[in-house]
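A short write-up of the structure that comes next.
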Amino acid sequence: MLSLIDAEKSNPDEWAERCRYWESAAEADKPARKRREKQSAPLIITGYGFVISVDKKRLIIRGGLTHYPHKLAEQVFYKGSLDLPPRIVIVDGKGTISIDSLDWISEQGLTLIRIKYDGTSAIIMSPNGFAADPDKVAWQYATRSDPAAKLAFATKVTREKLVASIETLEKFIPPSKFQEQAINAAQGCLDFIKRGEADTPSKLLGQEGKAASFYWRAWQGIDMKWRATSRHPIPDEWRTYLSRSSINTGVKPKNWNAAHPINAMLNYAYAGLLTKMKIQAICDGYDPMIGILHDQRHKEKEITASFALDLMEPHRPVVDRGILKLIRDETFSGADFDLQSDGVVRVGPGLVRRLSAT
């Protein structure tokens, strides 16, 4: 990510202004909480120089520096307090975490998550550790080995994803020829399932892949609103969305190394969703690594949470709605994103906070 010094040299007022804007927007999005109600919103930490420590049996969290001048926020938590967040999410930045604070967080049953600068989830610390239920792990192995059971699982996941996709297309994508085609393609895949023609996982995934192609085509032409472009110029191709695949990954349609701000935001949002699914799988007693549909499909399958990828499929269109709503409601600045020397777009820390909260 662009360093704070470089950012200040390039456009100090714009960078600081946008960081303050997204910080206030994230605070405004926090749900209201009754006096005797536990905190439900996660605590998002970002920036450089954050500190998590324990002092006099209290957890002290000091946020990092994201712009200058910036008054660093400090929060104090007591054991058993209703103010304690269920999750502490560290996004990007650099800082320190004491061993005492790790013990404190674990004793209080909180989850600590670290997401790296490129949107990939790096570390999850759960108080339960990893104590999978042997029966559930056995079910995972049996399901991915049994063609009938695998098909039933794939059918359920695909049907839920298609239904969610249709709702996203109808309510959040502007009407167009491509939108209509995408809705018809998703409905056609649902009809394909209903007629019983999806009698193998490969046939089912083939039809779902066609629907997904139409789905992303419907996104073409979505415009982002930009402000202060004379102060912080942006490439012309950032104004309108063209493709989910990135031009930075060659001829094959890969989604990482985003070349467009919308794809950069989607990558961050999906990383957050994947982390959530990892936690859910672990808490439910499953092994997040033993995938059913995604197993053996990734070159780094040994370090890929394949089952979490399975679980997140129906939720992708729901995450998309959050991004589409953000695009519809907000006017962005070039200071919200950083264009790297290799053409990869990264999301600024202020906007990352908003995406993580969303």
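Among the criteria (1) assigned to a helix (DSSP H, G or I); (2) under 23 Å from the mean Cα position of the chain (by Cα), the one A258 does not fulfil is (1). Scanning the stretch 1-49 for residues that are surrounded by 13 or more Cβ atoms within 10 Å (Cβ to Cβ), part of a loop (DSSP other than H, G, I, E, B) and modelled with pLDDT of 70 or more gives R33, Q39, A41, P42, T46, G47.
Among strands (runs of 3 or more DSSP E) entirely within the stretch 69-109, having at least 2 residues that are aliphatic (A, V, I, L, M) and under 22 Å from R20 (Cβ atoms) singles out 87-91.
A single entry from R217, R159, R195 fulfils the requirement of being of a type in the set (K, R), within 18 Å of I262 (Cβ to Cβ) and either in contact (Cβ under 8 Å) with a residue 40 or more places away in the chain or out of contact with any Asp or Glu (no Cβ under 7 Å at 6 or more places or on another chain) (or both): R217. State all residues of the stretch 309-326 that are under 12 Å from P261 (Cβ atoms) and touching a helix residue (DSSP H, G or I) at 6+ places or on another chain (Cβ under 7 Å); if no residue qualifies, say none. Within the stretch 309-326, I323 is the sole residue that qualifies.
The rows are residues; the columns are (1) among the acidic types (D, E); (2) modelled with pLDDT under 85; (3) within 15 Å of V347 (Cβ to Cβ); (4) not assigned by TED's automatic domain parsing to the domain that holds V91.
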| site | (1), (2), (3), (4) |
| --- | --- |
| M224 | no, no, yes, yes |
| P235 | no, no, no, yes |
| R239 | no, no, no, yes |
| L242 | no, no, no, yes |
| R297 | no, yes, no, yes |
| K301 | no, yes, no, yes |
| D310 | yes, no, no, yes |
| E313 | yes, no, no, yes |
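The values are calculated or read from the model by the stated rules, or taken from the named source; none is laboratory data. Predicted, not measured: the structure shown is a model, and the values here were computed from it. No Cβ is skipped: glycine too gets one built from the backbone with ideal geometry, and neighbour counts run over all protein chains shown.
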